[in-house]
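Structure first, commentary second.
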Amino acid sequence: MRHRSIIILAAVTLLCTGQALASDAPSPLAGYQFSALIDGPVPDSLQTTLSGVATDLPKPYKDRCHVQQNLTATTSSCLYGNLSSKTTIVLFGDSHALSWFPAIEKLAIAKKWRLLSLTMSSCWPASIPAWNPSTNILMTNCAIWRQSALAQIAKVKPYITFVTGTRGFATIDPSGNVLGGDAKTSAWKLGMALTLKAVKKASKNTIFISDTPISTSSFPDCLLNSLDSVQNCATPVSTAINTDWLTVERDLASSTNVTWVNPTEWICNTDPCSPISDGALIYRDGGHLTATFAVQLEKPLWAEISGSLN
């Protein structure tokens, strides 16, 4: 897997929505060097495992440490790695954050650290109301869970807290109106700044990871029906990567003085974005990584952050 440092050649002036103003400044894509995807068949070794991709999940799904709306909360400590370690690291966020669990657990094991996993489905880390557009219901339990998670972070005083979440969130204003455009982005920036401030106060190091590229293909059906052509299930870079949102996330990390990690090229480094990397299927659905692929992200993640840790 290739890992290149993504270099932004000039600052991008933002509107309150995070959309770049028209100027001579390059977009975030200016630092990427995408090669064309070389088409070919689905590897034989992967064909035999495609049907089981829906169950290629991180441990906290299976032991119920990942809080889900329709399941009873676990009574487990949700600790992993070296349970006797005096050094604790934390993973905090929604189900997109949980996609990082295999990589961060591998890091914890390698460093002999204890890992506390704090994730909740459809509950983004930004301190804003969590609106479910599918049911048109405000998820009041999200705010309760989020405050509890932040309290746990404050209690354990982690060496590192990893924070991330989906860009596909929905929220409302105090009058109950669903926000969009400028107002939605502004609400997220204010809410995320509050969350990062609380995390920073408790953690020696705070790492804010940008959301991952998305896929437009349905897995595993797409590849099962296209075993001779991986490219049929690839996603164009312009669809997979939201450069405006990456810019919003980057600038928020800068303004709050936390370490920003952009994992885009670890997941998509061809145009179109391949659904397979190093023999592993990248996605189990449009926005969540398979555990088999995600564990591969431990090395580039550590290479990216190790030099910035206090």
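Looking across segment 226-253, the residues that are in a loop (DSSP other than H, G, I, E, B), touching a Pro at 6+ places or on another chain (Cβ under 6 Å) and not hydrophobic (A, V, I, L, M, F, W, C) come down to Asp228, Pro236. Can you confirm whether segment 179-186 contains a residue that is closer than 27 Å to Val156 by Cβ and among the hydrophobic types (A, V, I, L, M, F, W, C)? No. The residues of segment 254-273 that are in a helix (DSSP H, G or I) and acidic (Asp, Glu) amount to a single one, Glu265. Residue-level check: of (1) of a type in the set (Ser, Thr, Tyr); (2) modelled with pLDDT of 95 or more; (3) within 16 Å of Ser122 (Cβ to Cβ), Thr140 misses just (2). Out of curiosity, is Leu83 of a type in the set (A, V, I, L, M, F, W, C) and surrounded by 15 or more Cβ atoms within 10 Å (Cβ to Cβ)? It is false that Leu83 is of a type in the set (A, V, I, L, M, F, W, C) and surrounded by 15 or more Cβ atoms within 10 Å (Cβ to Cβ).
Looking at this structure, is Leu223 assigned to a helix (DSSP H, G or I) and either at pLDDT below 95 or crowded, with 18+ Cβ neighbours inside 10 Å (or both)? Judged against the criteria, Leu223 is a match.
Here is the figure for segment 84-110: residues that are out of contact with any helix residue (DSSP H, G or I) (no Cβ under 7 Å at 6 or more places or on another chain) and either on the phi > 0 side of the Ramachandran plot or among the small types (Gly, Ala, Ser) (or both) total 7. Would you confirm whether any residue within segment 113-126 is in contact with a Lys or Arg (Cβ under 7 Å, 6 or more places away or on another chain) and surrounded by fewer than 23 Cβ atoms within 10 Å (Cβ to Cβ)? Within segment 113-126, none of the residues are in contact with a Lys or Arg (Cβ under 7 Å, 6 or more places away or on another chain) and surrounded by fewer than 23 Cβ atoms within 10 Å (Cβ to Cβ).
The values are calculated or read from the model by the stated rules, or taken from the named source; none is laboratory data. Here the structure is a predicted model, which is why all the values come from computation and not from measurement. Cβ sites come from the backbone with ideal geometry, for glycine too, and all protein chains shown count toward neighbours.
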